[in-house]
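These notes concern the structure reproduced below.
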Amino acid sequence: MLLPHGTVFAIVDGENFELYRNSGREGAPRLTSLDAPELEATNFSAGFRRHDAPKRHQARTGDGSNDALDESAHAAAVAGWLNQQVLDREIAQLVIVADPRSLGEMRRHYHKELKDALITEVPKNLAGRPSDEIIKVIQR
């Protein structure tokens, strides 16, 4: 897959959000890290259906770990931020790599313009992985 120069890569999991830009050529991409914003997860209604399903909902342990609602709210916050960046013309071409649960939640919040800017989605958790590994997975 060709990844145009300037394409933005959003790498997301239930609690992390990383941003990269292709600073290389279309046929030889090179990811350069960008500063990801600190997002406030406020849309806790995002995962409401999952909250009602006891087998899929993880109980809060009291030690500050995220449960399914927190992860869904994080994914919704990331999608909202990406929507705004596309609408503001800060992102023209986008690749989203996210664990399947986060990706499913994010899709529910995509703006039409974001869908148009989207080159591909990869349902895989690559948060914290080296940029070379991210490129290899996307190009498969």
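Quick note: the coordinates plus some simple rules give every number you see, no bench work behind them. Being a predicted model, the structure only gives us computed values, none of them experimental.
Phi angles of segment 16-28 translate, via the Karplus equation with coefficients 6.51, -1.76, 1.60 and θ = phi - 60°, into HN-Hα couplings of 10, 9, 10, 10, 9, 10, 6, 9, x, 8, 4, x, 9 Hz per residue; Gly and Pro are given as x. Between amide H atoms placed 1.01 Å from N, distances below 5 Å from GLN93 occur with VAL8, all of them 5 or more places distant or on a separate chain.
The orientation-averaged projected area of the convex hull spanned by the Cα atoms of segment 70-113 comes to 2.8 nm².
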